[in-house]
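Step one of this worksheet: look at the structure below.
Read the figures in this text as sums done on the coordinates, not as results from a lab. Keep in mind the model is a prediction, meaning the values are calculated, not measured. Here Cβ is always computed from backbone atoms with ideal geometry, including for glycine, and neighbour counts include all displayed protein chains.
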Amino acid sequence: MEKDKIIKLNKSFEAFAYIEDDIEYWMARELQELLGYSDWRNFLNIIEKAKDSCKTNKEPVLDHFVDVNNMVPIGSGAVREQSDIMLTRYACYLIAQNGDPKKEQIAFAQSYFAIQTRKQELLEERIQLNERLQAREKLAAAETELSRNIFERGVDNKGFASIRSKGDWALFGGNSTSDMKRKLGISVNRPLADFLPTITITAKQLATEITNFNVKKDDLLGEKKITEEHIKNNKDIRTLLGKSDIIPEDLPIEEDIKKLERNVKNSNKEIPKNKLKGK
């Protein structure tokens, strides 16, 4: 395909994208023209095939194909109702995949929507990665504050490690930090939290924040009292998670947080800079 045609088609697909409440969509009758289909009924056949592909991929069809009715002018100020379909990017991708690849517009759309779909996936992945990184940073800050608080109250490094491990014992249903590392196959030299899911990292952070608050509020002194406080808070958090059927020690291991940091940097480079324009 000639470069000028590619540029023209790219601008056309971008120009016909709507954005409403941060939701991006295309209208089927406009997409019909963009893809070079002159007959609406023939294009509906392609849409039905796309819906079947959506079902096969176990995606809710109604999340991607939404029937609507628009009022369109028919001359002399008169209007009539016309059926149409709101399509997500994924729906457009499926329509292109089920279209005639001999059509230049279809061949372009297959690449265009594949790229746009990947772009959305990368954005969602980046959000999840950033959430986990932020949770890990908050936990590290809470644990740093805890270490400072307890050192001021007569507890040494060994005592701090013991308090933290017994907190894990309470949170993970009788599994200490070492137990969880063995269970998940984590090196003894690596922090357990670097391999935990966001929900568990956040749980540890909340329990630690409560311990910090109560240690200062009640002026708790010595390893024994602080350990009891930290165990209680972790048990309380475990009970709260249990009400939502979340069992911390049964959750699968996550990707190494250090590797995660590299993935975030790489995903920033992968995501295209151009944005679709609402019509």
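On full extension of the chain, what length is gained from residue 158 through residue 232, given 0.36 nm per residue of separation minus the C-alpha to C-alpha distance?
On the way: separation 74, 0.36 × 74 = 26.64 nm, distance 2.03 nm.
Computed gain between residue 158 and residue 232 is 24.6 nm.
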Once the Cα atoms of the stretch 3-99 are picked out, what are the Rg and Dmax in Å? 14.3, 46
For a Förster distance of 25 Å, can you work out the FRET efficiency between the beta-carbons of residue 66 and residue 115, rounded to the nearest 0.05? 0.60
Each residue of the stretch 95-106 in order: what ³J(HN,Hα) in whole Hz does its phi give by Karplus 6.51 cos²θ - 1.76 cosθ + 1.60, θ = phi - 60°, with x for Gly and Pro? 4, 4, 5, 9, x, 7, x, 6, 6, 4, 5, 5
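Over all directions, the average projected area of the alpha-carbon convex hull for the chain comes to how many nm²?
Numbers: hull surface 85.3 nm².
If you wrap the Cα atoms of the chain in a convex hull and average its projections, you get 21.3 nm².
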Ranked by how many other beta carbons lie within 10 Å on average, peptides 44-50, 229-235 from highest: 229-235, 44-50
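Given just the C-alpha atoms of the stretch 51-205, how large is their convex hull per residue in cubic angstrom? Working shown, then result.
Numbers: hull volume 33.4 nm³, N = 155.
Spelled out: Cα convex hull of the stretch 51-205, divided by residues, is 216 Å³.
Please go through the residue pairs 166/259; 183/224; 183/235; 216/243; 138/216 and name each one whose alpha carbons sit more than 22 Å apart in this structure.
On the way: 166/259 28 Å; 183/224 27 Å; 183/235 20 Å; 216/243 29 Å; 138/216 19 Å.
Correct reply: 166/259; 183/224; 216/243.
Which value in deg cm²/dmol, rounded to the nearest 500, describes the helix-derived mean residue ellipticity at 222 nm for the chain, given -39,500 (n - 2.57) per DSSP H run of n ≥ 4 and division by the residue count? Numbers along the way, then the final one.
On the way: 10 runs with 172 residues, N = 279.
Rounded to the nearest 500, it is -20500 deg cm²/dmol.
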Cα→Cβ-extended label distance, 7 Å offset, between residue 258 and residue 14, nm: 4.1
Quote to one decimal, in nm, the extra length available between residue 104 and residue 23 on full extension: 0.36 nm per residue of separation minus the C-alpha distance between them. 26.4 nm
Ranked packing of 24-37, 141-154, most packed first, by mean Cβ within 10 Å: 24-37, 141-154
Dimensions (Å) - the stretch 127-270, Cα atoms, principal axes, largest first: 51, 30, 27
